[in-house]
Amino acid sequence: MGGAVLVGLDGTGHSEPAVRWGAEEAAVRNLPLHLLHSWVSQPWSVSSVPENAERRRYGTEALRRAEAIAKEMHPGIPVKAEQVAEKAADALAARSGESTLLVLGSRGHDSIAGFLMGSVSLCVLGRAECPVITVREQEASVGPGPEIVVGVSGQDGSAGDAVLDYAFTAASAHRACLHAVRARTPSPALDVGTTPTPDETERTAAEQESLSASLPPGARSTRTSR
């Protein structure tokens with residue numbers, strides 16, 4: 001993974017946290033930062049769409065502000081600013097194939113559905129060829145915290161290679177602890193709140209060992225019941 005960190009921005013307030021997050025990722029991974037703005041997908045209402053020349057000027061200024069933010073955070077990172085006449089979702093999906101990571105901004109909502117709806121996120125997520133991070137408008141921090149959690153599936157304690165590769169790479173880049181979690185269904189005879197039987201305890205220990213063995217050294221694994 002040697003491509004740029006790609007950030008899609010529309011120039012509104014919720015773009016700035018995404019730019020900051022993207023700049024941080026580019027710096028810790030020693031990668032260039034690619035800022036992309038679509039002037040045909042700007043957040044104008046239908047009744048107040050400005051002339052094309054004005055929309056391009058708006059895009060140029062949005063990219064200038066974003067580049068200034070990135071350079072202020074990490075002066076040494078290479079930054080490419082690109083304004084396109086394609087729809088934002090199409091442009092981002094097309095460029096994701098040569099990118100290491102795609103970062104998008106989103107207005108904050110109370111639910112995951114609301115978080116993604118009303119933006120290009122849903123259009124891009126199903127088409128992107130690289131990992132996608134969506135950053136809330138009110139997010140003040142950049143990068144993950146001291147621990148990265150990855151959900152592990154499969155009876156053998158495995159997960160999709162792409163998911164694990166990204167989790168390990170991110171943990172290494174940010175010097176974070178990697179916490180692998182797998183949920184399992186307890187025995188039907190075991191009610192919630194009751195003491196596990198010896199067989200159930202033995203089964204849990206065996207599955208815990210299997211999960212730990214499937215992960216590289218240093219990754220912490222936890223198996224939970226539901």
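Being within 20 Å of the chain's Cα centre (by Cα) and among the charged types (D, E, K, R) is the filter; apply it to segment 81-112 and report the residue that is modelled with the lowest pLDDT.
First pass over segment 81-112, keeping only residues within 20 Å of the chain's Cα centre (by Cα): 88-112.
With among the charged types (D, E, K, R) added as a condition, the list becomes 90, 95, 98, 107, 110.
Values: ASP90: 93, ARG95: 96, GLU98: 95, ARG107: 61, ASP110: 46.
So, considering only residues that are within 20 Å of the chain's Cα centre (by Cα) and among the charged types (D, E, K, R), the one modelled with the lowest pLDDT is ASP110.
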Using the structure shown, decide if VAL181 is at pLDDT 75 or above, β-branched (Val, Ile, Thr) and not in a helix (DSSP H, G or I).
yes
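Confirm whether ASP199 is at pLDDT 75 or above, surrounded by fewer than 16 Cβ atoms within 10 Å (Cβ to Cβ) and assigned to a helix (DSSP H, G or I). Show your work before the answer.
Details: at pLDDT 75 or above: no; surrounded by fewer than 16 Cβ atoms within 10 Å (Cβ to Cβ): yes; assigned to a helix (DSSP H, G or I): yes.
For ASP199, the condition - at pLDDT 75 or above, surrounded by fewer than 16 Cβ atoms within 10 Å (Cβ to Cβ) and assigned to a helix (DSSP H, G or I) - is not met.
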With the first residue restricted to segment 74-92 and required to be closer than 17 Å to GLU129 by Cα, and the second required to be open to solvent by 70 Å² or more (accessible area, probe 1.4 Å), Cβ contacts under 6 Å at 6 or more apart or on different chains are ALA89/CYS123
Exactly one of (1) small (Gly, Ala, Ser); (2) more than 29 Å from ASP165 (Cα to Cα); (3) assigned to a helix (DSSP H, G or I) is unmet by ALA89. Its number?
(2)
Read through the list (1) open to solvent by 50 Å² or more (accessible area, probe 1.4 Å); (2) part of a strand (DSSP E or B), then give the number of the only condition that ARG20 fails.
(2)
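Please find, among SER158, SER172, SER187, the residue that is at pLDDT 65 or above, over 21 Å from GLU129 (Cα atoms) and not β-branched (Val, Ile, Thr).
Selected residue: SER172, the only one of SER158, SER172, SER187 that is at pLDDT 65 or above, over 21 Å from GLU129 (Cα atoms) and not β-branched (Val, Ile, Thr).
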Against the condition among the charged types (D, E, K, R) and crowded, with 16+ Cβ neighbours inside 10 Å, how does GLU51 come out, does it pass?
no
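The values are calculated or read from the model by the stated rules, or taken from the named source; none is laboratory data. Please read all numbers here as calculations on a predicted model, not as lab measurements. Positions of Cβ are backbone-derived with ideal geometry, glycine not excepted, and every protein chain shown enters the neighbour counts. What goes into the accessible areas is simple: the full protein's heavy atoms, side chains included, and nothing from ligands, DNA or RNA. Shrake-Rupley method; radii C 1.70, N 1.55, O 1.52, S 1.80 Å.
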